[in-house]
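Below is one structure, written out as structure tokens; the observations come after it.
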Amino acid sequence: MKCEHCTRKKGEFHKLADAKIFLSDCLACDSCVSAEEGIQVSQQNAKDFFQVLNLNKKCDTSKHKVLAVSVCPQSLPYFAAKFSLSVTDASRRLCGFLKSLGVHYVFDTTIAADFSILESQKEFVRRFRQHNEEEPALPMLTSACPGWVRYAERVLGHPVTPHLCTAKSPQQIMGSLVKDYFARRQNLSPDKIFHVIVAPCYDKKLEALQEDVPMASRGSRGTDCVLTSGEIAQMMEQSDVSVRDAALDTLFGDVKEEELRRHDGAGSDGYLAHIFRHAAKELFNEDVGEVTYRALRNKDFQEVTLEKSGEVLLRFAAAYGFRNIQNVVLKLKKGKFPYHFVEVLACAGGCLNGRGQAQTADGRTDKALLQKMKGIYADIPVQLPEASTHVQELYQEWLDGTDSPRVQEALHTAYQGPGQPTDSRDIKW
């Protein structure tokens, strides 16, 4: 099958085993998922989660695991909208439910996104200064969306992969925080922790297969299981366990409940806005307040520019959804690409519109619920990653500084080129 043929059929979404990987949504095809990966992904479901919970109730304590669940910030508005709660009450209800099942710790992944954004900011400035026509370092393309990265690696290859930002995604960094930093604080071996991510999209299940924790024991996976917001909500609706609300935990053992916060993105972690402001100040000493987006082809392809005396100093874009990504890739291959930076997301509308939440029974987007989620998400206070004291402390305590070799090892990655994996699945569209 020629790559990308699958995306030309409208209304067809392939579901991979019980895990429901929407391969057309994540821009993948049979080139991207091997038979072995398919089996591993299908095991990331509620059954796997409950198997660990039930094992912990048995007498053989040598097989017990410490269960840690990390919740993506784009998942919380879904629980708030679905159960008609404030986002704070929704987080407490979710945390209380998970702990009633036997989960020991429930974290928020915002701190991991802080690291990812900060490292992306530094990388963009470095690329901008190093860029030249002979060895182009720009544009820089975001690497937080696993569907997009999988497609770029397995299908596109050069000339796209050299432009992917090397900063790890929030999920990958959260895996290292839990299995390395937190494990050390608790005097636990990484393999004694079973780490679950609650995410808005199914693509995160695929991403978990590639994660490892470089500073933990060899072969330790940062995320053991990914459950979508919808899967967790279904558990909550079907459960008859009495639930007492509980505050989210922190990696630092703080007793005081922290205020929920988000990054400056309408439906995602806002890489574009944060990197744009940082680059404007660092490269041109320009202070940018509110970032002004201009829709071009459609609402999911928007442009942001920094201009001075009629000259465009920075030109950024946000490209969400496959059609917009296709246009980006086509122009990049032709060498006619005017942007310095592009925030790329596989899901139209951003992460809030992930296929793992806000879906009707027939698999369509619940537009009314999604609209409520957008309002709830917009009301969460925005905090700059630079303003997090915990992040600055972690750079020193965990990573030996902001420019140490440990930073490169823990917070950055490299990308493989395209190639047909062995034993590819015969997917019929």
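The values are calculated or read from the model by the stated rules, or taken from the named source; none is laboratory data. Note that the coordinates shown come from a computational prediction; the quantities given were computed from them, not determined experimentally. As a convention, Cβ positions derive from the backbone with ideal geometry for all residues, glycine included, and neighbour counts pool all protein chains shown. Side chains included, ligands, DNA and RNA excluded: accessible areas come from the protein's heavy atoms. Shrake-Rupley method; radii C 1.70, N 1.55, O 1.52, S 1.80 Å.
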(message) Can you tell me which condition residue 173 does not meet? The list is (1) open to solvent by 10 Å² or more (accessible area, probe 1.4 Å); (2) assigned to a helix (DSSP H, G or I); (3) touching a Leu at 6+ places or on another chain (Cβ under 8 Å), and all the others hold.
(response) (1)
(request) Report the residue count in the stretch 133-178 for those that are modelled with pLDDT under 90 and among the β-branched types (Val, Ile, Thr). (result) 1
(request) May I ask you to list pairs of residues, at least six apart or on different chains, whose Cβ atoms are under 8 Å apart, with the first in the stretch 297-312 being part of a strand (DSSP E or B) and the second being open to solvent by 70 Å² or more (accessible area, probe 1.4 Å) and β-branched (Val, Ile, Thr)? (result) 304/292
(message) Restricting to the stretch 375-390, count the residues that are closer than 17 Å to residue 112 by Cβ, in contact (Cβ under 8 Å) with a residue 12 or more places away in the chain and hydroxyl-bearing (Ser, Thr, Tyr).
(response) 1
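Okay, residues lined up against (1) in contact with a helix residue (DSSP H, G or I) (Cβ under 6 Å, 6 or more places away or on another chain); (2) more than 18 Å from residue 120 (Cα to Cα); (3) free of Cβ contacts under 8 Å to residues at least 12 places away in the same chain:
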{"site": "272", "(1), (2), (3)": "no, no, no"}
{"site": "292", "(1), (2), (3)": "no, yes, no"}
{"site": "315", "(1), (2), (3)": "no, no, no"}
{"site": "318", "(1), (2), (3)": "yes, no, no"}
{"site": "327", "(1), (2), (3)": "no, yes, no"}
(message) Checking the conditions here, which among 100, 86 is more than 22 Å from residue 170 (Cβ to Cβ) and either in contact with a Lys or Arg (Cβ under 9 Å, 6 or more places away or on another chain) or in the same structural domain as residue 376 (by the TED database) (or both)?
(response) 100
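Among the helices (runs of 4 or more DSSP H) lying completely within the stretch 329-424, list those that include at least 1 residues that are within 30 Å of residue 136 (Cβ to Cβ), at pLDDT 95 or above and not aromatic (Phe, Trp, Tyr).
Because the criterion is at least 1 residues that are within 30 Å of residue 136 (Cβ to Cβ), at pLDDT 95 or above and not aromatic (Phe, Trp, Tyr), the helices (runs of 4 or more DSSP H) in the stretch 329-424 that meet it are 405-411.
Matching residues to (1) crowded, with 19+ Cβ neighbours inside 10 Å; (2) modelled with pLDDT under 90; (3) more than 22 Å from residue 67 (Cβ to Cβ); (4) not assigned by the TED database to the domain that holds residue 106:
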residue	(1), (2), (3), (4)
243	no, yes, no, no
249	yes, no, no, no
254	no, yes, no, no
268	yes, yes, yes, yes
286	no, no, yes, yes
289	no, yes, yes, yes
294	no, no, yes, yes
302	yes, no, yes, yes
308	no, no, yes, yes
(message) It is to be established whether one or more residues within the stretch 391-399 are assigned by the TED database to the domain that holds residue 272 and in contact (Cβ under 8 Å) with a residue 60 or more places away in the chain.
(response) no
(request) Check whether at least one residue in the stretch 106-114 is closer than 25 Å to residue 267 by Cβ, assigned to a loop (DSSP other than H, G, I, E, B) and of a type outside the set (Gly, Ala, Ser), and report yes or no. (result) yes
(message) Being outside any helix (DSSP H, G or I), more than 20 Å from residue 338 (Cβ to Cβ) and in contact (Cβ under 8 Å) with a residue 24 or more places away in the chain is the requirement here; does residue 287 meet it?
(response) no
(request) Consider residue 264 carefully, then state whether it is acidic (Asp, Glu) and crowded, with 16+ Cβ neighbours inside 10 Å. (result) yes
(message) Looking for something under 20 Å from residue 145 (Cβ atoms) and among the aliphatic types (A, V, I, L, M) - is there at least one such residue anywhere in the stretch 277-290?
(response) no
(message) Just the residues that are open to solvent by 10 Å² or more (accessible area, probe 1.4 Å) and outside any loop (DSSP other than H, G, I, E, B), please, taken from the stretch 126-149.
(response) 126, 127, 128, 129, 130, 146, 149
(request) Please state which one of 348, 361 is open to solvent by 80 Å² or more (accessible area, probe 1.4 Å) and among the small types (Gly, Ala, Ser). (result) 361
(request) Quick one: count up the residues across the stretch 176-198 that are in contact with a Lys or Arg (Cβ under 6 Å, 6 or more places away or on another chain), assigned to a strand (DSSP E or B) and of a type outside the set (A, V, I, L, M, F, W, C). (result) 0
(request) Give the stretch 259-304 a look and list any residue that's over 20 Å from the mean Cα position of the chain (by Cα) and among the acidic types (Asp, Glu), or say none. (result) 259, 282, 286, 287, 290, 303
